[in-house]
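Written below as structure tokens is the structure these notes are about.
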Amino acid sequence: MAEILIIPVEMKSVEKSVLRAVAAYVGDFYSGFGLSVGILHKIDIRPFRDGYNEARGQFLGRAFILGLSGLRRAAAVLGITDADLYEEGMNFIFGLAHPYFRTAVISLHRLRPEFYGEPGDRNLLKERAVKEAMHELGHVFGLTHCPDPKCVMHFSNSILDTDLKGMDYCGACRKKLEEMLR
């Protein structure tokens, strides 16, 4: 059975409960396509230091894509990091994916309610992480952004967009995904 591998990339800590929540949701959905999910041992952020921008205090997202793409035996690789990510021309990103490398990364940094001055909420963090994981894996498997604000493939310009959208693909995106994965 082909596998989606989840790899925690830690600056400080990626909570196991978040990893398990993402793995459970992603695994349940993608099992319908013959894909299983595995969580690998955490790796330290040091191999990605070349992507660190000291002036911004952020890591370039594509450094994670290139660094994690070496696990080609997987159907997809999903890095989950606590580091703050950006891409050129953007203040920040929640995640990034590259279909050719079958690799994606999501950042928990701006998904945490505490980042916005709100009290910590582990359930909200898990929900946001699942949404971003499903979104980036959709890109890995060939989906583009969706105009439906409730679809998980809708672009999140802010955390409000992430909170508004659902955890699943809309009918049109699911149909495209089925065509690509069958």
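The values are calculated or read from the model by the stated rules, or taken from the named source; none is laboratory data. All figures in this text were calculated on a predicted structure; none of them were measured in a lab. Positions of Cβ are backbone-derived with ideal geometry, glycine not excepted, and every protein chain shown enters the neighbour counts. Accessible surface areas use protein heavy atoms only, side chains included; no ligands, DNA or RNA. Shrake-Rupley method; radii C 1.70, N 1.55, O 1.52, S 1.80 Å.
In the chain, taking the dipole from charged Cβ atoms about the Cα centre, the farthest positive-side position among T103, G166, T81 is held by T103.
Database remark: amide H of I39 closer than 5 angstrom to the amide H of I6 (H placed geometrically; neighbours at sequence offset of 5 or more, or on other chains; Pro and chain starts carry no H). Shown here are the Rg and Dmax of the Cα trace of segment 1-69, at 14.1, 44 Å.
Net charge dipole, segment 30-182: roughly 560 debye, given to the nearest 20, about the Cα centre with Cβ charges of +1 for Lys and Arg and -1 for Asp and Glu. Pairs exceeding 21 Å between alpha-carbon atoms, taken from K131/K176; K42/K176; K42/K150; K126/K175; K126/K176; K12/K126: K42/K176; K42/K150; K126/K175; K126/K176.
Take the Cβ atoms of F33 and A172, set R0 to 22 Å, and the FRET efficiency comes out at 0.80. Taking S31, S107, S69 in turn, the Gaussian network model of the chain (Cα-Cα springs below 10 Å) assigns the largest fluctuation to S31. Amide H to amide H distances under 5 Å link L85 with F59, I93, where only residues 5 or more positions off or on other chains count and H is placed in the peptide plane. Here is the list for segment 13-104: trypsin sites (Lys or Arg not before Pro) lying in DSSP coil, each with at most 11 other C-beta atoms within 10 angstrom of its C-beta, are R72, R73. Express the carbon and sulfur contribution to the solvent-accessible surface of the chain as a percent, rounded to the nearest whole number, probe 1.4 angstrom. That fraction is 52 percent.
For the chain, what is the percent of antiparallel DSSP beta bridges, rounded to the nearest 5? Beta bridges within the chain, antiparallel portion: roughly 25 percent. Largest GNM mean-square fluctuation among A21, A104, A76, using the chain with Cα springs under 10 Å: A21. In terms of its C-alpha gyration tensor, segment 23-182 has an oblate overall shape, because the principal axis ratio a/c (a ≥ b ≥ c, square roots of the eigenvalues) is not below 1.5 and a/b does not outweigh b/c.
For the chain, the list of Cys residues with no other Cys C-beta under 4.7 Å reads C173.
Solvent-accessible surface of the chain, taken per residue with a 1.4 Å probe and all protein chains present: 48 Å². Take F33: with every protein chain present and a 1.4 Å probe, its accessible area is about 30 Å².
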